[in-house]
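Take a look at the structure below.
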Amino acid sequence: MTPEALATFFAGNVALPCRSKGNVCASAQYIETNKHHSALTALMAQAFAPPVELTALYHYLAALFLLNATVWNDD
């Protein structure tokens, strides 16, 4: 994630003053000062959360469930 994208993410989640928008350092400092350090930490965790990729096991188990649901609904 680029600094500009992170600044945009902050601006999308917290109402920032005009002078802080577009500047990731100023945005982070504003959030930490006026909200709380935990708010900034939560936003950073959300911004950098890795996307969850579905594994082959997940697809296999999902296919079994659909098969069983179809069999159960035929009664």
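The set of residues from segment 38-75 being modelled with pLDDT of 80 or more, open to solvent by less than 100 Å² (accessible area, probe 1.4 Å), of a type outside the set (A, V, I, L, M) and part of a helix (DSSP H, G or I) comprises S38, T41.
So which residues in segment 17-37 are over 18 Å from T2 (Cα atoms) and assigned to a helix (DSSP H, G or I)? Scanning segment 17-37 gives Y30, I31, E32, T33, N34, H37. Pairs linking a residue in segment 4-18 that is in contact (Cβ under 8 Å) with a residue 12 or more places away in the chain to a residue that is open to solvent by less than 30 Å² (accessible area, probe 1.4 Å) and among the aromatic types (F, W, Y), with Cβ atoms under 9 Å and 6 or more positions apart or on different chains, are L16/F10.
The values are calculated or read from the model by the stated rules, or taken from the named source; none is laboratory data. No experiment lies behind these values; they were computed from the predicted model shown. Neighbour counts are summed over all protein chains in view; Cβ atoms, including those assigned to glycine, are modelled from backbone coordinates with ideal geometry. Each accessible area value is taken on the protein alone, full model and side chains, heavy atoms only, with ligands, DNA and RNA left out. Shrake-Rupley method; radii C 1.70, N 1.55, O 1.52, S 1.80 Å.
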